[in-house]
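Here is the structure we will look at, set down as structure tokens.
The values are calculated or read from the model by the stated rules, or taken from the named source; none is laboratory data. Every value quoted in this text rests on a predicted model; they were computed, and no experiment measured them. We place every Cβ from the backbone using ideal geometry, glycine too, and count neighbours over all the protein chains shown. Keep in mind that these areas ignore ligands, DNA and RNA; they rest on the heavy atoms of the full protein, side chains included. Shrake-Rupley method; radii C 1.70, N 1.55, O 1.52, S 1.80 Å.
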Amino acid sequence: GETVLRLYAKATAENMGFITHEGEHSYANEQVFKILADKKNDAFQPQFLPVEKLSNWSTPAVIAWGYTPGFVEFLKTHSHDLTYKMMVSRAHGPYIDITPHGVTKATGIQHYCEMIGISPSEIIGFGDSENDEEFLRTVGFPVAMGNATDTIKALASRVIGSCDTDGLGIYLPQILAGAEL
């Protein structure tokens, strides 16, 4: 919790967006609400609660939005206990995914599979960015979105339509209707 509080304080001091999660809810600082207000006509408008309502700061993931060189330097000083990936969203610009060292989407799916008693090889995974790489290497059938990076497309068994053209919404009904993966 203490590390996440330091990340929050640094992001706020650097006038950056800060997003984290607890249970089924996502929380954001005031800067995120300002960014979203400026993009009010954007089709993708995630719903956030104010970060002040977060009750447990021991979250497994943080997103720092619109990062600064000072924030990146701050992360480098904590690289012994944090893993981070610098990302770019076409919709919302640059951001950094931050997790405790060794925690990725792949470790999350492995844990989930253990809980429900299946193998990751039985999972179809969808991704478009570098933070999906370990996850897509773990699942049995990796699928890249049409807007995916070249790295993600290269490791995918199939590339489908982009996020902007509802690629997943078109692909899944086809699979459920019996189409080949």
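Results, tabulated for the structure shown:
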read-out: Residues within the stretch 87-130 that are over 22 Å from A154 (Cα atoms), loosely packed, with under 14 Cβ neighbours inside 10 Å and touching a residue at least 40 places away in the same chain (Cβ under 8 Å), tallied; value: 1
read-out: Residues satisfying the stated conditions in the stretch 29-46, i.e. modelled with pLDDT of 85 or more, under 27 Å from T165 (Cα atoms) and touching a Gly at 6+ places or on another chain (Cβ under 8 Å); value: V32
read-out: Failed item in (1) part of a loop (DSSP other than H, G, I, E, B); (2) open to solvent by less than 70 Å² (accessible area, probe 1.4 Å), with H80 passing the rest; value: (2)
read-out: Filter result for F135 (in contact with a helix residue (DSSP H, G or I) (Cβ under 8 Å, 6 or more places away or on another chain), more than 27 Å from S58 (Cβ to Cβ) and outside any loop (DSSP other than H, G, I, E, B)); value: no
read-out: Residues satisfying the stated conditions in the stretch 52-70, i.e. surrounded by fewer than 19 Cβ atoms within 10 Å (Cβ to Cβ) and either of a type in the set (F, W, Y) or part of a helix (DSSP H, G or I) (or both); value: E52, K53, W57, P69, G70
read-out: Any hit, the stretch 148-170, residues being within 24 Å of T83 (Cα to Cα), among the β-branched types (V, I, T) and in contact with a Gly (Cβ under 8 Å, 6 or more places away or on another chain); value: yes
read-out: Candidates G23, G70, G17 - the one that is free of Cβ contacts under 8 Å to residues at least 12 places away in the same chain and not β-branched (V, I, T); value: G23
